[in-house]
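In what follows, a single structure is set out as structure tokens and then discussed.
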Amino acid sequence: MLLMAAGCALWGEALPEWLVPLREAIYEQKLKADEVVPLYRAAQAAARERCSGTALDLALSRCEYLMGRALQYEERNDEARVHYREGMRLAEKALEAEPSAEGWLIRAENLSQACALGPLSFTMSNGLNVEKFAKNALAINSRNAAAQYLVAARWVFAPAPLHNHKRGIEMMQAILVNGDMEKDDLFNVHLAIGYAYIQQKKYAEARPWLLKSLEIYPTNKFAAEQLAKK
């Protein structure tokens, strides 16, 4: 695994304490995007103080990704795109200097959300690269749970007829066995399985997975909305 400067390990270890408040705000969904901005700026400042080189680029790319998510939740899509583009630029810079699982992962994650926003021409041109980049990460670290999630997610979240919910569920369940998981990974996997069951109208099967996701982030609105479906 790539060794980063002290306090800068973002994957494969516990998230550095200075980045946790930003991540938690995104998944808890208690703050408005404008209220997340101070956490985003604080994380950027901490990254610049504690990291350098590719570690700094990767940390800043993660900050851009998370801020983009906060804006995307509020459908402030043009603003979110700016953050995802900057996140991709920083990840590409890091990968040019030193290829790593971490670099490929955050490159894929920023691109995945950018593709979700469109326009369709962008999504059609770039969508397949999300899985490609995630698999590049897995070629370096096969237990990278977030990269495994991106590969599985296409089968869960793609529109008809491109999804395969049964396959997506099986792949998500495998991550629980084969992935090195952080808190957000556990949430994402349980939520995705619950969502896939909801899409099949298998509400009883979905319920325990959604309840588990809400144990991790009790105030997450999307998970609660899925649980409310019957």
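Only the coordinates and a few stated rules stand behind these numbers; no lab work does. The structure presented is a predicted model; accordingly, all values stated were derived computationally and were not measured. Backbone-built Cβ (ideal geometry, glycine too); neighbour counts: all protein chains shown.
By the equivalent-ellipsoid construction on the alpha carbon gyration tensor, the stretch 120-230 comes out with semi-axes of 23, 18, 12 Å, ordered largest to smallest. Inter-label distance, Glu74 to Lys32: 0.6 nm, where each label sits 7 Å from its Cα along the C-beta direction. Think of it as helices only: each DSSP H run of n ≥ 4 in the chain is worth -39500 (n - 2.57), and spread over all residues that comes to -24500 deg cm²/dmol at 222 nm. The C-alpha atoms of the chain define a longest principal axis, and helix 165-178 lies at about 50 degrees to it. The relative contact order of the chain comes to 15 percent, based on Cα pairs under 8 Å that sit 6 or more residues apart. At full extension, Leu211 and Asn164 could sit 14.6 nm farther apart than now, given 0.36 nm per residue minus the alpha carbon distance.
Which whole number of Å³ per residue matches the convex hull of the alpha-carbon atoms in the stretch 88-132? The partial results should precede the final answer.
Working: hull volume 2.8 nm³, N = 45.
Hull volume normalised by residue count: 62 Å³.
About the centre of its Cα atoms, the stretch 1-141 shows a dipole size close to 140 debye [charges on the beta carbon of Lys, Arg (+1) and Asp, Glu (-1) only; nearest 20 debye].
Please state, as a whole number in µm²/s, the translational diffusion coefficient that the Stokes-Einstein equation yields for the chain at 25 °C and 0.890 mPa s, with Rh defined as the Kirkwood radius across alpha carbon pairs. For the chosen part, D equals 138 µm²/s. Cross-link partners of Lys212 among lysines, defined as those whose alpha carbon lies under 26 angstrom from its own and excluding same-chain residues fewer than eight positions apart: Lys30, Lys32, Lys166, Lys183, Lys201, Lys202, Lys221, Lys229, Lys230.
Taking every alpha-carbon pair under 8 Å whose residues sit at least 6 apart, the stretch 142-230 reaches a relative contact order of 25 percent.
Between Gln200, Gln148, Gln173, the residue with the greatest mean-square fluctuation in the GNM of the chain (Cα pairs under 10 Å linked by springs) is Gln200.
Taking 0.36 nm per residue of separation and subtracting the current Cα-Cα distance, fully stretching the chain between Val177 and Ser142 would add 11.4 nm.
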